[in-house]
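Chemist: What follows is a single structure, and I will ask about it in a moment.
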Amino acid sequence: PNESLVLTGTGDVLEPDDAVMGIGSGGMYALAAAKALLESDLDAEQIARKAMAIAAQICVYTNDALTIETLDATAS
C-alpha cells in the first residue's frame, strides 16, 4: 500500500489529509502549495520542488537548497 505517516515528537502516528504532508518551519507553507499543486499535471517530485520553492519565498527559516530523494514504488 502507498501510505504516508508522520511520527510526531510525542510518539503519535498521524495520517495526513490528501496524502501530502509538510514538516519543519516552512511545512505549512509547503503543505498549502502542495495541496494546490495536486490539481495540476505535475508528478510528485515536481510538486515537492515547487511547493518548497514557494515555502522558501514565504518563510525566512526555509531555504531553496534542496536534496530530494525518491523511492521506487514498484520495488518489492
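Throughout, read-outs are computed from the coordinates displayed, never taken from laboratory work. Predicted model, so just to flag it, every value in this text is computed and none were measured.
Chemist: Tell me, what ³J(HN,Hα) does each residue in the stretch 10-17 have, in order and in whole Hz, if you take phi through Karplus 6.51 cos²θ - 1.76 cosθ + 1.60 with θ = phi - 60° and put x for Gly and Pro?
Modeler: For the stretch 10-17, the Karplus curve yields 9, x, 6, 10, 10, 9, x, 6 Hz.
Chemist: Same structure, new question: Which value, in nm² and rounded to one decimal, describes the direction-averaged projected area of the C-alpha convex hull of the chain?
Modeler: Values: hull surface 24.2 nm².
Value for the chain: 6.1 nm².
Chemist: Let me ask something else. Apply the Karplus curve 6.51 cos²θ - 1.76 cosθ + 1.60, θ = phi - 60°, to the phi angles in the stretch 27-34 and return the couplings in whole Hz, x for Gly and Pro.
Modeler: Each residue's phi maps through the Karplus curve to give x, 6, 5, 5, 5, 4, 5, 4 Hz.
Chemist: Another one. Suppose only helical runs count, i.e. DSSP H with n ≥ 4. What mean residue ellipticity at 222 nm does that imply for the chain under -39500 (n - 2.57) per run, divided by all residues and rounded to the nearest 500 deg cm²/dmol?
Modeler: That comes out to -11000 deg cm²/dmol.
Chemist: Output ³J(HN,Hα) for the stretch 55-61: one whole-Hz value per residue in order, computed from phi by the Karplus curve 6.51 cos²θ - 1.76 cosθ + 1.60 with θ = phi - 60°, and x for Gly and Pro.
Modeler: Those phi angles translate into 4, 5, 6, 9, 9, 5, 8 Hz.
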